[in-house]
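> Before we start, here is the structure in question, set down as structure tokens.
Just so it is clear, none of the values below were taken in a lab; they were calculated from the coordinates. All of these numbers come straight from a predicted model, not from anything done at the bench. Cβ sites come from the backbone with ideal geometry, for glycine too, and all protein chains shown count toward neighbours.
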Amino acid sequence: MYRFVLTRQWVCFTLLALLLIPAMVKLGFWQFHRHEHRVAQNDLLGHNLAAGPVPVTELTSPGHTVPRSDYWRQVTATGSYDRSHEVVVRRRTSNDDRVGFHVLTPLVLRDGQVLLVNRGWVPAGEDQRAFPPVPAAPGHEVTITGRLKADETSGASGIKDLSGLPDRQVMLINSTQQAALLSRPVLGGYVELTRPAPPGGSPETINDPDHDSIGPHMAYAVQWWLFAAAVPFGWIILVRRERREREQRAAHRNASTAASEPVGSAAS
């Protein structure tokens, strides 16, 4: 009755179904792990953003790589902006997704070390290779509060070509690169400024990262697992349908054969 499943066509179809099941299960776990990573990231963000600010020198130093556990920690620093070495970071978006620049200004601390401060976003002009209009940083000593972030790298960002940039423009915020330009010890990582707010709202202060949304990964995981569970049921349905169609074709052939036989053949 089910011998047709041993035909070449059905053997290939069955093998394909057997391969799809573990592949879909694996894809489901991949999405599940992405969900877990997002939840852990949100927990870390929420914890670090809620924690009280600490002096930046407690968390980083020249040449230090900021660990993931310290991402977005609230830090404070006191010093004077070095406006002569200010640069802008290309291809950055505002809080409402407009493309422009981030303003990166070195803050010289009282001990002579330098902290890179991302003061916020400014729009690009018609000529994106020209240095944009940037409100001047305060010319006196200031105490700032901001979010600590790790150095940006080509490997993490996917940005490979860093050559041929216009004067005072960079693609990545990287303390090692800026230390070579400043000839001063630069603290590892950088700080996104949150306070004090710039007068007039420019540069535009960067919003807190989203740490509430968990994304669709869990739903995608469940979908893949449902697809995997549906494969054997689909295989059974198709096998039964094939058997029924074969039985119908066989019955039709038998009926046609009986109808075509001569009447006298039965008597003989």
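> Taking the Cα centre of the chain as origin, sum charge times position over the Cβ atoms of Lys and Arg (+1) and Asp and Glu (-1), and report the length of that vector in debye to the nearest 20.
Using Cβ point charges on Lys, Arg, Asp and Glu, the chain gives about 1380 debye.
> Identify which of the listed values of Rg/Rh (Cα atoms, Kirkwood Rh) was calculated from the structure shown: (i) 1.04; (ii) 1.01; (iii) 1.38.
From the options (i) 1.04; (ii) 1.01; (iii) 1.38, the structure gives (iii).
> What are the residues whose amide H is under 5 Å from the amide H of T145, where those residues sit 5 or more places off or on another chain and H is modelled from the backbone?
Amide H neighbours of T145: T194, R195.
> Output the peptides 100-108, 117-125, 134-142 sorted from most to least packed, where packing is the average of other Cβ atoms within 10 Å over each peptide's residues.
100-108, 117-125, 134-142
> Give me the dipole magnitude in Debye, nearest 20, for segment 1-81 about the Cα centre, with unit charges on the beta carbon: positive for Lys and Arg, negative for Asp and Glu.
Dipole magnitude for segment 1-81 comes out near 620 debye.
> Now, a different point. With a cut-off of 8 Å between alpha carbons and a minimum separation of six or more residues, what is the relative contact order of the chain in percent?
25
> Continuing with the same structure: So what is the relative contact order of segment 26-82, in percent, for Cα pairs below 8 Å that sit 6 or more residues apart?
37
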